[in-house]
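Below: one structure, written as structure tokens.
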Amino acid sequence: MDNFIVLTKDFVANESAVVDIKSFGLGSTLGSLVFQNKRGQSATFLWQKNIMPDNTEKTGYFKEVTNELGVRIAHYDGFITVTNGGGVQYLEAELKI
């Protein structure tokens with residue numbers, strides 16, 4: 001399993017950041033996205049792949065499994081938008097393939 005640190009950032013309340021995962025050359029071969037703050041709290045999102053019936057287009061989304069941090073994730077065309085919850089916190093995000 002390969003792991004990539006895709007984000008390390010100090011967030012203010014409700015701040016967003018965009019991460020380009022296309023630049024890692026991953027396509028739709030994703031596993032999980034795990035966030036952690038400095039207090040050991042975490043959030044885990046699993047990649048759910050959608051394969052079209054004609055098998056030509058592969059898309060998907062990140063499904064929330066646990067979320068102690070209040071972060072929200074949106075995925076669109078190789079980019080992930082991370083929105084912090086209501087507090088100030090440092091977040092590190094690791095993408096596991």
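What follows draws every value from the coordinates through simple rules; no lab data is involved. In this text, all values refer to a predicted model and were calculated from it rather than measured experimentally. Positions of Cβ are generated from backbone atoms using ideal geometry, with glycine treated the same way; all protein chains shown enter the neighbour counts.
Please identify the longest segment of the chain free of exposed trypsin sites (Lys or Arg not before Pro), where exposed means a DSSP state other than H, G, I, E or B and no more than 13 other Cβ atoms within 10 Å.
Values: sites that count: K38, R39.
Counting at most 13 other Cβ atoms within 10 Å as exposed, the longest clean stretch of the chain is 40-97.
Using the alpha carbons of the chain, what is the convex hull volume per residue in cubic angstrom, as a whole number?
Taking the convex hull of the Cα positions in the chain, it is 92 Å³ per residue.
Taken one residue at a time, the phi angles of the stretch 11-20 give Karplus couplings (6.51, -1.76, 1.60, θ = phi - 60°) of 9, 9, 4, 6, 7, 10, 9, 10, 10, 8 Hz. Gly and Pro are set to x. Look at the alpha carbon pairs under 8 Å that are at least 6 residues apart: their mean separation over the length of the stretch 3-96 gives a relative contact order of 46 percent.
For the stretch 81-97, the Karplus equation 6.51 cos²θ - 1.76 cosθ + 1.60, evaluated at θ = phi - 60°, returns couplings of 9, 9, 10, 6, x, x, x, 7, 6, 8, 10, 10, 10, 10, 9, 10, 9 Hz by residue, with Gly and Pro reported as x. With the largest listed first and rounded to whole Å, the semi-axes of the equivalent ellipsoid of the stretch 48-88 from the Cα gyration tensor are 28, 11, 4.
Looking at the stretch 29-97, the GluC sites (Glu not before Pro) that sit in a DSSP loop and have at most 12 other Cβ atoms within 10 Å of their own Cβ are E57. Would you mind counting up the charge near Q36? Only other residues with Cβ under 13 Å from its Cβ, with Lys and Arg at +1 and Asp and Glu at -1. Charge balance in the 13 Å sphere: +1.
Counted by neighbouring Cβ atoms within 10 Å, the residues L46, L95, L33 run from fewest to most as L46, L95, L33.
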